[in-house]
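**Student:** One structure follows; several queries about it will come next.
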Amino acid sequence: MFSQLWKNGSLRKVVRKAKLAGLPDSFDFKIKDIGVLVSAQHQKYVPMLVETIHQRMGVNQNISILVYGETQEKCSLENLTYFNINSFSTTAVPKDPVVAAFIEKKFDMLLSYYLRDIPALEYITLISNANLKIGVFKGKRSISHLEIKVKDLEPNGFITVVLDCLKGLRKPIVNK
């Protein structure tokens, strides 16, 4: 119990002190590799989220998913891994090689698909090497490049808003 509190505190401290890096100049908005962070509370949406991504964005996306928390009902999708607070040391260093590899992977886009403030998910979102980070607006300090205000995490609506925002970002700005 004390170890879990200490680990959560360490993760929160890193998130509070860190700064979000801007989009890389080389980012071309061609989304092929997608990382998804989900809380166990919202894992029921994962199959529909993956299906929606493939339908709306094309079937050529490689999707890797990390689900945080303990749950009785586990999804059996390819590239989906469960983790918990024990995946981190007391100094906020990932101990789980899958979590460390997820953080290091250069995803084209990272979807932070959770509503509550969860230190482990916020930490991974913040330090991830993903080019573009998209998350849910929580009314506090931003840890994503783009944050979407939603009432619930219905996958089709969420992905529709993400795609609309990406279209807007892709349009060149012309100085007149």
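The values are calculated or read from the model by the stated rules, or taken from the named source; none is laboratory data. These numbers were taken from a predicted model, which means no experiment stands behind them. Note: ideal-geometry Cβ built from the backbone for every residue, glycine included; neighbour counts use all protein chains shown. SASA here: full protein model, heavy atoms, side chains in, ligands and nucleic acids out. Shrake-Rupley method; radii C 1.70, N 1.55, O 1.52, S 1.80 Å.
**Student:** Tell me, yes or no, whether the range 19-34 has at least one residue that is at pLDDT 90 or above and not in a loop (DSSP other than H, G, I, E, B).
**Tutor:** The answer is yes; a qualifying residue exists.
**Student:** Counting just the residues of the range 64-85 that are without any contact (Cβ under 8 Å) to a residue 40 or more places away in the chain and over 15 Å from Q41 (Cβ atoms), which one comes out most open to solvent (accessible area, probe 1.4 Å)?
**Tutor:** E78
**Student:** Determine, yes or no, whether I124 is in contact with a strand residue (DSSP E or B) (Cβ under 9 Å, 6 or more places away or on another chain), open to solvent by less than 30 Å² (accessible area, probe 1.4 Å) and without any contact (Cβ under 8 Å) to a residue 60 or more places away in the chain.
**Tutor:** So I124 fails the test.
**Student:** What number of residues within the range 104-121 are in contact with a strand residue (DSSP E or B) (Cβ under 6 Å, 6 or more places away or on another chain), modelled with pLDDT of 90 or more and not aromatic (F, W, Y)?
**Tutor:** 7
**Student:** Report the residue count in the range 86-105 for those that are surrounded by 11 or more Cβ atoms within 10 Å (Cβ to Cβ) and outside any loop (DSSP other than H, G, I, E, B).
**Tutor:** Count: 11.
**Student:** Quick check on S39: is it within 25 Å of L163 (Cβ to Cβ), in contact with a Phe, Trp or Tyr (Cβ under 8 Å, 6 or more places away or on another chain), open to solvent by 10 Å² or more (accessible area, probe 1.4 Å) and modelled with pLDDT of 90 or more?
**Tutor:** The answer is no for S39.
**Student:** Can you work out which of the residues in the range 106-130 that are in a loop (DSSP other than H, G, I, E, B) and of a type in the set (F, W, Y) is nearest to K44 (Cα to Cα)?
**Tutor:** Y114
**Student:** Here's another thing I want to ask about it. Given the criteria in a helix (DSSP H, G or I) and either touching a Gly at 6+ places or on another chain (Cβ under 6 Å) or open to solvent by 80 Å² or more (accessible area, probe 1.4 Å) (or both), does K167 qualify?
**Tutor:** Answer is yes for this residue.
**Student:** How many residues, within the range 153-169, are touching a Leu at 6+ places or on another chain (Cβ under 8 Å) and within 20 Å of R116 (Cβ to Cβ)?
**Tutor:** Within the range 153-169, residues that are touching a Leu at 6+ places or on another chain (Cβ under 8 Å) and within 20 Å of R116 (Cβ to Cβ) number 4.
**Student:** May I pose another question? How many residues, within the range 42-61, are open to solvent by 10 Å² or more (accessible area, probe 1.4 Å) and touching a Leu at 6+ places or on another chain (Cβ under 8 Å)?
**Tutor:** 6
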